[in-house]
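Here, each number is a calculation from the coordinates, and none is a lab measurement. Predicted model, so just to flag it, every value in this text is computed and none were measured. With ideal geometry, Cβ positions are generated from the backbone for all residues, glycine too; neighbour counts draw on all protein chains shown.
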């Protein structure tokens, strides 16, 4: 009986250790996040550049955002959320989407990602770990950074579907 208790106790301790170790290694450092953020920037611009000019105003239905609105929305969210929740200042740039060319939109999105980069890098560890209220939730600024990545991925995924409908081959995914 004593041997069974030691075996169960040892197994339980090992399971807890493995759980804690996997949770600790699942976290992403700021540098790792920023590297992935740069990949997101390039991938978004690559997706934009694959759309033929004739497909920039394409919508899946009348209520949906157009392709160019999807891409623009990624940039606008980066700026707005960085300003509102990541202590970002005035970005110093805007775009008139109605008159913007594809090149203008690519430059705008690049500036938005760069603004997000600057804002995120400026956060101290204490600021990044501070819990704040965001859209009715109490989260850390690090979680807001992850939200920006998820949001960009979500809308870029929609844009990729738009590319396929227009007969354009999406760029290859680069994970790291």
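Worth pointing out:
- Overall form of the stretch 75-176: prolate. Here a/c, set by the Cα gyration tensor axes a ≥ b ≥ c, is 1.5 or more, and a/b is the larger of a/b and b/c.
- Ranked list, fewest to most other Cβ atoms within 10 Å of each Cβ, for 35, 54: 54, 35
- Highest mean first, the peptides 161-169, 92-100 sorted by other C-beta atoms within 10 Å per residue fall in the order 161-169, 92-100.
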